[in-house]
Amino acid sequence: METSAVLDRIGELIAQLKGYASKLPPVVHLASVPTGVKPKPEAVEVFEQALLRFREQSGRSPFKSLQDYLIESLEAFEVGNVLGVVQPLLAVLDQVERMHRDKEIKVSPAEEKRMGEYRAALVKILPGSQPELEGAGRGM
């Protein structure tokens, strides 16, 4: 499995997460969403399919170690736990960066840029990344 394929799967997962998170009311605590605000079954299916493709393609590659994080993110996505989805996906990006640093895998400059964009998208979803009172604390 190539790094670009891993990033494609991660991108699919993040796209589903962003779609779901954008539909949540801003006041809802993202770690415990009421049962009425779970992702649609279709979104969960797309998330599962991306994970299955990853599992099939990773085989004996160095990326196989990422499967536990991705399963954890799927389980959190199924119940609508946005924070529980973001944390394992950030851990996946950390692992890919560590693997690159340790020379276990090759990462092109374009792929490094993609990882940075994915990290920024995930951090933006995290609670507290967008203050409710824009401009608060700037004085008069």
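Laboratory data are not the source of any read-out in this text; all were calculated from the coordinates shown. Since we're looking at a predicted model, the values are computed, not measured. Every residue, glycine among them, receives a Cβ derived from its backbone with ideal geometry; neighbour counts consider all protein chains shown.
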When each of Lys40/Lys64; Lys23/Lys124; Lys18/Lys106; Lys64/Lys103 is checked by Cα-Cα distance, pairs over 23 Å: Lys40/Lys64; Lys18/Lys106
³J(HN,Hα), Karplus 6.51/-1.76/1.60, whole Hz, each residue of the stretch 65-80, x for Gly, Pro: 5, 7, 4, 4, 4, 5, 5, 4, 5, 4, 4, 5, 5, 4, 9, x
Sorted by Cβ density within 10 Å, fewest first, the residues Arg53, Arg114: Arg53, Arg114
Near-label residues of the stretch 68-104 by backbone N, under 16 Å of a point 7 Å along Cα→Cβ of Glu48: 71-80
Using distinct alpha-carbon pairs, which all enter the 1/r mean, Kirkwood radius of the stretch 68-121 in Å: 11.8
J(HN,Hα) series, the stretch 92-101, from Karplus relation 6.51 cos²θ - 1.76 cosθ + 1.60, nearest Hz, glycine and proline x: 4, 4, 4, 5, 4, 5, 5, 4, 5, 4
